[in-house]
Structures are given as structure tokens and as C-alpha cells.
Amino acid sequence: MNRLALCLALGASLLAGCASVGKDAARSSYAVDDDRIVAIERAAVRQGVTVIWLNQPMKRIAVGS
């Protein structure tokens, strides 16, 4: 009985995760935000700081339908 409840809970959470993806997700994509990267790196140079990007800033872009 406990395995059945666990399987049902897991299935429900997976379905809820899929449902949370909005309609806009199908019409948009992500790209690196070059303008923000340049602005941050310029500010870092002025302050004498080195920037190491682990995750570059991203921006949402519309995909033509």
C-alpha cells in the first residue's frame, strides 16, 4: 500500500511540474544577454574586480510562430 501511495504521489508531482510550464514557454527561448554582460564587466574593470561567469545572464526572446 505504501508503494502505491508513493507512486501516485510521484506521478502527481511530475504532472504538476509539466502543468506549470506556461503557454509562453512554447513561444519563447533564451539567449545570452550580451548587453548585461558588457555592463557588468565594464563596472568590474572600473572597480578592479575580475568576473568569472559560472552562469551567464540570460534573456527571454520571442520565437516567431
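What follows is calculated from the coordinates using simple rules that are stated; it is not laboratory data. Predicted, not measured: the structure shown is a model, and the values here were computed from it. Cβ atoms come from the backbone with ideal geometry, glycine included; neighbour counts cover every protein chain shown.
Please give the net charge around T50, taking every other residue with its beta carbon less than 15 angstrom from that of T50, where Lys and Arg add +1 and Asp and Glu add -1.
Result for the local shell: +1.
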From the P(r) of segment 25-65, can you give the percent of Cα pairs sitting at distances over 13 Å? 59 percent
Please give me the summed charge of the neighbours of D34: other residues whose Cβ is under 12 Å from its Cβ, Lys and Arg +1, Asp and Glu -1. -1
Return the FRET efficiency for the residue pair A39, R60: r is the Cβ-Cβ distance, R0 is 25 Å, and the value is rounded to the nearest 0.05. 0.90
